[in-house]
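A.B. asks: There's a structure below that I have some questions on.
The values are calculated or read from the model by the stated rules, or taken from the named source; none is laboratory data. Because the structure is a prediction, the values reported are computed rather than measured. We place every Cβ from the backbone using ideal geometry, glycine too, and count neighbours over all the protein chains shown.
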Amino acid sequence: MVGRIATIDNGRLTLPPLRVAFLSEHASPLALRGGTDAGGQNVYVDEVARGLGGRGHRVDIFTRRDGAELPEIVALAPGVRVVHLAAGPPSPLPKDELWPLMPAFSDAFRAFARRDGARYDLSHGNFWMSGWVATELRRDLGIPVAQIFHATGKTKRRHQGQADTSPDGRIGIEEAIVRDADRLIAQCPAERDELIGDYAADPARVATIPSAVNTRLFHPTDRAEARRRLGLDPHAPIVVYVGRMLPRKDVRNVVRAVALLAKQTDLPVQLLLVGGETTEPDPVATPEIGEVRRLAAELGIADQVICTGRRQPGELHWYYGAGDVAVTTPWYEPFGLTPLEAMACGRPVVGSAVGGLTYTIADGVTGFLVPPRDPAALAARLHLLLADPALRERMGGAARDRIAREFTWDTVVERTAALYGELLAGRERRASASAG
Ligand code: UDP
């Protein structure tokens, strides 16, 4: 970038092309989706970086090299590169084991930037570990920071207790990032409250920018056609869950609700579960699939539960489209992209009343909110929808409209670029004030 960073003329922000370092240590846009450590953050990094590239900015996405065969640089889209940084062994590692590798990740970033001659206008940290790297770079190289956490340690600890495998220092690091970053991005009002309430963030530095859904990938399909393609029963009521198969997503709660429906009604409900480490459902690679199957067998509904394994984004509209209702009842959810995807496919969603879901699902309009860990409440809402095609149709239509109005990546990118501009203009104002 040449000359002044950003100017505000008559209240309008003018932003020259920027060079942005997107830091995302474990979540690469190139990773296959649906496994333990490849979900919403990968989608966010992919969509926002591409969108910024499409607006003339130059974005480098820095992620850990987790395969020996990966080239250092991969061109992702016009103006957007993925840069694989060597930090630790070039093989997959669980994200909770990456923290000790972050100094090496930071050094590899500096070495790359020197070699490449890249001068970044700002960095965009994703998740706490990259946030730490971003604030180090801010301190040492003066690169300002916009930070998005995607999930926070305090909420995780609250809900997972002893099962939380995050490194011990996580929360302290997050507190330091909240103090040091120039701007924080919250994905929904609940996350904003959490940053301010739990982490004492300065409200003036927290921008709420909800994430979105790619409607070229996620759009309505004909239900009968979707079921034919997937070899599913053309007549059975189908409840669909798409997402990572982890205890905190509480798919077991959905299995319990379907078991209740089987007992209380004569609806031959099927539960379609999409997600896992492999494309075939493998309880060894994905222990949660084993747990879900065991529970289904115990409750006498084994033949009503279909696990598919993971699928890639381009195929998912068929899975959402095959369902009558989509469901997601996590214990907690920082944002949650899958309900938006189901809504874009014209399906009502029943979700737990936690985190981002309380913002994205309009209760009683695009689906229903239910308390987490409450199979009876979920069963009641599912029953209501499955028994009433007109209600499903109405809510599915309202869901699609809501997406088109409020949840497009184009808007996210525009607001993110505006946030960068404000951040840089503010620094420029401060610099000229102190020079004058
Ligand atoms: N996903 C996928 N294939 C699968 C399962 C999930 O592509 O088999 C995607 C899903 O479509 C969504 C993301 O992974 O875009 C999950 O994001 P979400 O925000 O719902 O949850 P997170 O993974 O961030 O906890």
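A.B. asks: Has segment 93-106 got any residue that is touching a helix residue (DSSP H, G or I) at 6+ places or on another chain (Cβ under 8 Å), aromatic (Phe, Trp, Tyr), part of a helix (DSSP H, G or I) and at pLDDT 95 or above?
C.D. replies: Looking for residues that are touching a helix residue (DSSP H, G or I) at 6+ places or on another chain (Cβ under 8 Å), aromatic (Phe, Trp, Tyr), part of a helix (DSSP H, G or I) and at pLDDT 95 or above, one finds at least one in segment 93-106, hence yes.
A.B. asks: Counting only residues that are crowded, with 17+ Cβ neighbours inside 10 Å and touching a Phe, Trp or Tyr at 6+ places or on another chain (Cβ under 8 Å), give me the strands (runs of 3 or more DSSP E) lying completely in segment 287-404 with at least 2 of them.
C.D. replies: 325-328, 349-352
A.B. asks: Consider Ala207 carefully, then state whether it is of a type in the set (Gly, Ala, Ser), under 29 Å from Glu288 (Cα atoms) and in contact (Cβ under 8 Å) with a residue 60 or more places away in the chain.
C.D. replies: no
A.B. asks: Moving to a separate point now. Here are Val242, Val255: which of them is near the ligand (Cβ under 10 Å from one of its atoms), surrounded by 19 or more Cβ atoms within 10 Å (Cβ to Cβ) and either more than 16 Å from Gln312 (Cβ to Cβ) or of a type in the set (A, V, I, L, M) (or both)?
C.D. replies: Val242
A.B. asks: Please give the number of the condition Gln312 fails out of (1) modelled with pLDDT under 95; (2) away from the ligand (no atom under 14 Å from the Cβ).
C.D. replies: That leaves (2) as the condition not met.
A.B. asks: Counting only residues that are of a type in the set (Gly, Ala, Ser) and touching a Gly at 6+ places or on another chain (Cβ under 7 Å), which one in segment 57-87 is surrounded by the fewest Cβ atoms within 10 Å (Cβ to Cβ)?
C.D. replies: Ala77
A.B. asks: Mind listing just one residue for me: the one in segment 107-143 that is assigned to a helix (DSSP H, G or I) and among the aromatic types (Phe, Trp, Tyr) and, of those, nearest to Pro89 (Cα to Cα)?
C.D. replies: Per the stated criteria, the residue is Phe109.
A.B. asks: Same structure again: Which of the residues belonging to segment 224-263 are assigned to a helix (DSSP H, G or I), within 20 Å of Leu299 (Cα to Cα) and of a type in the set (D, E, K, R)?
C.D. replies: If the condition is that a residue be assigned to a helix (DSSP H, G or I), within 20 Å of Leu299 (Cα to Cα) and of a type in the set (D, E, K, R), then Lys249, Arg252, Arg256, Lys263 are the ones that fit.
A.B. asks: List, please: which pairs have Cβ atoms under 8 Å, are six or more places apart or on different chains, and start with a residue in segment 325-351 that is within 10 Å of the ligand (Cβ to nearest atom) and end with one that is outside any strand (DSSP E or B) and acidic (Asp, Glu)?
C.D. replies: Note: pairs meeting the criteria are Pro330/Asp250; Pro334/Glu191; Phe335/Glu191.
A.B. asks: Quick check, is Thr265 out of contact with any Leu (no Cβ under 9 Å at 6 or more places or on another chain) and of a type outside the set (A, V, I, L, M, F, W, C)?
C.D. replies: So Thr265 does not fit the description; no.
A.B. asks: Here is a further query. Pick out the one residue from Pro237, Pro268, Pro247 that is away from the ligand (no atom under 16 Å from the Cβ), over 20 Å from Gly314 (Cβ atoms), in contact with an Asp or Glu (Cβ under 7 Å, 6 or more places away or on another chain) and in contact (Cβ under 8 Å) with a residue 24 or more places away in the chain.
C.D. replies: Pro237
A.B. asks: Residues that are under 11 Å from Gly131 (Cβ atoms): list the strands (runs of 3 or more DSSP E) wholly contained in segment 144-209 that include at least 3 such residues.
C.D. replies: Ranges flagged: 145-148.
A.B. asks: Moving on to the next point. With the requirement that a residue be exposed (fewer than 15 other Cβ atoms within 10 Å of the Cβ) and of a type in the set (S, T, N, Q), what does segment 405-433 give you?
C.D. replies: Across segment 405-433, the qualifying residue is only Ser432.
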